[in-house]
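*Asks:* Handing you a structure now.
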Amino acid sequence: MPSRRQGREQALQALYSIVVGHREPGEALNEVVGEGADTDHRTFVRDLVFGTLEHASEADLVFAPLLEGWTIERLPTIDRLLLEMGTFELRNRPELPAAVVINEAVELAKKFSTEESNRFVNGVLNAVAKEASRS
């Protein structure tokens, strides 16, 4: 069975395909995960993709004030998707430790985005986690 990190990576790839490639979510999910994937893994990736898409506007409102000198429109697409996905998990999956969610997003930023992105994603998601813990 693939790891949760692989699932998050596949979710990010599907989200990128949806946003940049204008693909249908189900089509992008099938392309990235494959039809023969383990049911639990496929469910994890699907829930992450569809949850992130469903809550993207809400996530943007949460982290936009924390960007310090940046606007959402100026963010690299991968960074924005990682912040939306991380914010979705932090706010809607309380069973997951915040440190795990943040670390996974940071590792994906290191792999798929700019040299500075991992520190940026880490800082913003840490602030989101602090805000969520106050609510």
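*Asks:* List the GluC sites (Glu not before Pro) in the range 64-98 that DSSP assigns to loop (not H, G, I, E or B) and whose Cβ has at most 16 other Cβ atoms within 10 Å. Which are they? Mind dumping the intermediate values first?
*Replies:* Details: sites: Glu68, Glu73, Glu84, Glu89, Glu95; in loops: Glu68, Glu95.
Here the GluC sites (Glu not before Pro) that fit, given the DSSP loop and packing criteria, are Glu68, Glu95.
*Asks:* If you don't mind, there's one more thing I want to ask. So how much slack lies between Asp47 and Thr71, counting 0.36 nm per residue of separation and subtracting their Cα-Cα distance, in nm? Present the calculation step by step, with values, prior to reporting the outcome.
*Replies:* Numbers: separation 24, 0.36 × 24 = 8.64 nm, distance 2.72 nm.
Separation in residues times 0.36 nm, less the Cα-Cα distance, equals 5.9 nm.
*Asks:* Would you look at the GNM of the chain, springs on alpha carbons closer than 10 Å, and say which of Arg91, Arg23, Arg42 moves the most?
*Replies:* Residue with maximal mean-square fluctuation among Arg91, Arg23, Arg42: Arg23.
*Asks:* Please compute, for the alpha-carbon atoms of the range 21-135, the extent along each of the three principal axes and give them in descending order in Å.
*Replies:* That gives 42, 30, 24 Å along the principal axes, largest extent first.
*Asks:* Would you be so kind as to identify which of Ile18, Ser3, Asn30 lies farthest towards the positive end of the dipole of the chain, taking Lys and Arg as +1 and Asp and Glu as -1 on Cβ and the Cα centre as origin?
*Replies:* Ser3
*Asks:* Go ahead and set up a Gaussian network model of the chain, Cα springs under 10 Å, then flag whichever of Arg74, Arg46, Arg93 fluctuates most.
*Replies:* Arg74
*Asks:* 7 Å from Cα along Cα→Cβ at both Glu54 and His22: what's the point-to-point distance in nm?
*Replies:* Using points 7 Å along Cα→Cβ, the separation is 2.6 nm.
*Asks:* Report the gain in length on full extension from Glu115 to Asn30: 0.36 nm times residue separation, minus Cα-Cα distance, nm rounded to one decimal.
*Replies:* 27.6 nm is the gain from fully extending Glu115 to Asn30.
*Asks:* Let me ask something additional. Give me the one-decimal nm value for the distance between modelled label points at Asn103 and Ala132, 7 Å along each residue's Cα-to-Cβ direction.
*Replies:* Result for the modelled spin labels: 1.6 nm.
No value in this document is a laboratory result; all are computed from the given coordinates. The structure presented is a predicted model; accordingly, all values stated were derived computationally and were not measured. Cβ coordinates were reconstructed from backbone atoms using ideal geometry, including for glycine residues, and neighbour counts include every protein chain displayed.
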